[in-house]
Amino acid sequence: MSATGSMPVDKTKRVGRFYFGGVASAMAACCTHPLDLIKVQLQTQQSKVKVTTLVGRILKNDGIMGMYNGLSASVCRQLTYSMTRFAMYETIKKQLTSDGSVMPLYQKIATAAVSGATGGFVGTPADLINVRMQNDVKLPKDQRRNYKHAFDGLYRVFREEGVKRMFSGATMASSRAVMVTVGQLAGYDQIKQVLMGSGYFKDNLVTHFTCSTMAGTLATFLTMPLDVMKTRMMNAPPGTYSGLAACALDIGKNGPLGFFKGFIPAFVRLGPHTVCTFMFLEQIRMNFGDDPK
């Protein structure tokens with residue numbers, strides 16, 4: 001009983017608000033930003049460089065804060081990209097389950113796919129600034145763009161390069177976002193539903209960690225083929241591939257596993273971010289969410 005004489009509210013029954021996912025993702029980005037920074041710099045290197053060499057170079061030239069270069073853009077990306085996809089997914093889910101029913105898996109996948117595609121498009125400008133700011137630290141000082149922060153970067157791209165440039169790469173970003181969102185949101189939802197329904201798991205940190213780790217693994221698995229094709233096309237000489245289909249056929253010559261090269265490094269980046277996002281999201285929901293009607 002509470003001090004007012006009413007029954008205490010069960011925190012696990014609280015319902016999240018539409019913006020909780022974006023906030024949780026931004027918080028997770030603050031924790032995993034160094035991993036994302038290293039990933040971007042490795043992808044933009046023309047020659048192969050060891051991770052230890054790259055980290056040592058960053059620390060030597062820019063100090064520990066160099067590992068957080070572009071953090072404002074990373075947070076901005078989560079507050080656009082992830083805010084949109086989480087908000088859409090949760091809003092549609094509430095509408096479809098307003099009668100107390102359980103959302104079937106195919107609806108979760110379809111909802112996550114639409115939410116991911118929309119979020120990927122909305123977040124493209126911030127993603128562009130994020131990549132540029134993270135890559136800036138490895139360039140000679142006279143070649144750096146030196147965006148003061150994410151909003152300065154967005155304004156300068158808009159003023160100097162136009163709106164069209166702000167959305168360059170939107171197709172690839174949206175395609176990848178579909179896979180990430182299906183793996184993360186639909187995957188987490190379904191895995192949690194199954195585990196909770198087994199009777200062996202409660203709505204607690206252990207369950208949240210287990211579900212988010214599995215969702216992160218699933219998201220990595222789904223996005224790997226696109227990531228491998230994108231990297232192969234970016235590094236190939238002009239004219240090597242006529243499109244994604246030609247690139248896929250070339251990779252497929254080495255068997256299905258060719259699409260999953262670098263799975264562990266990919267998981268090391270996406271996995272911790274997924275875990276942090278859902279751990280934060282569940283705590284925000286349980287402590288600041290709306291009480292059930």
Exercise for the section: Starting from the stretch 145-168, keep only residues that are farther than 15 Å from Gln134 by Cβ and open to solvent by 40 Å² or more (accessible area, probe 1.4 Å), then list their pairs with residues that are among the charged types (D, E, K, R) and modelled with pLDDT under 90 whose Cβ atoms are within a distance under 8 Å, requiring at least 6 positions of separation or different chains. Expected result: Arg156/Arg145
Completion exercise
Among Gly123, Gly187, the single one that is out of contact with any Lys or Arg (no Cβ under 7 Å at 6 or more places or on another chain) and without any contact (Cβ under 8 Å) to a residue 60 or more places away in the chain is Gly187
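To keep it simple, each residue is scored yes or no on (1) assigned to a helix (DSSP H, G or I); (2) closer than 17 Å to Met224 by Cβ; (3) not charged (D, E, K, R).
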site	(1), (2), (3)
Thr171	yes, no, yes
Ser175	yes, yes, yes
Thr181	yes, yes, yes
Leu185	yes, no, yes
Asp189	yes, no, no
Val194	yes, no, yes
Completion exercise
Restricted to the stretch 10-44 and to residues being surrounded by 12 or more Cβ atoms within 10 Å (Cβ to Cβ) and not in a helix (DSSP H, G or I), the residue modelled with the highest pLDDT is Tyr19
Problem - Residue check for Leu185: open to solvent by 30 Å² or more (accessible area, probe 1.4 Å) and among the aliphatic types (A, V, I, L, M) - result: no
Handout entry: Matching option when the condition is of a type in the set (A, V, I, L, M) and part of a loop (DSSP other than H, G, I, E, B), among Val49, Val131, Val75, Val114
Key = Val49
Fill in the blank from the handout: Residue hits (the stretch 117-128; open to solvent by 30 Å² or more (accessible area, probe 1.4 Å) and part of a loop (DSSP other than H, G, I, E, B)) are none
Problem - Sole exception among (1) part of a helix (DSSP H, G or I); (2) in contact (Cβ under 8 Å) with a residue 12 or more places away in the chain for Asp203, by number - result: (1)
Fill in the blank from the handout: In the stretch 237-293, anything at positive phi and hydrophobic (A, V, I, L, M, F, W, C) is listed as none
Fill in the blank from the handout: Val114 vs (1) at pLDDT below 90; (2) open to solvent by 60 Å² or more (accessible area, probe 1.4 Å): all pass except (1)
Problem - Contacts under 6 angstrom Cβ, first residue in the stretch 251-276 being under 21 Å from Ala28 (Cβ atoms), partner open to solvent by 30 Å² or more (accessible area, probe 1.4 Å), 6 or more apart - result: Arg269/Leu35; Arg269/Lys39; Val275/Thr213; Cys276/Cys31
Exercise for the section: Would you mind finding the one in Lys138, Lys108 that is outside any loop (DSSP other than H, G, I, E, B), of a type in the set (D, E, K, R) and more than 20 Å from Val75 (Cβ to Cβ)? Expected result: Lys108
Handout entry: Members of the stretch 82-114 found to be within 30 Å of Phe158 (Cβ to Cβ) and in contact with an Asp or Glu (Cβ under 9 Å, 6 or more places away or on another chain), listed by number
Key = Tyr89
Handout entry: Every residue from the stretch 87-105 that is assigned to a helix (DSSP H, G or I) and of a type outside the set (Ser, Thr, Tyr)
Key = Ala87, Met88, Glu90, Ile92, Lys93, Lys94, Gln95, Leu96, Leu105
Completion exercise
All-but-one check, Thr91 against (1) loosely packed, with under 14 Cβ neighbours inside 10 Å; (2) over 21 Å from the mean Cα position of the chain (by Cα), failing number (2)
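The values are calculated or read from the model by the stated rules, or taken from the named source; none is laboratory data. Note that this is a predicted model, so its numbers are computed, not measured. Positions of Cβ are backbone-derived with ideal geometry, glycine not excepted, and every protein chain shown enters the neighbour counts. Just the protein is used for accessible areas: all its heavy atoms, side chains included, with ligands, DNA and RNA removed. Shrake-Rupley method; radii C 1.70, N 1.55, O 1.52, S 1.80 Å.
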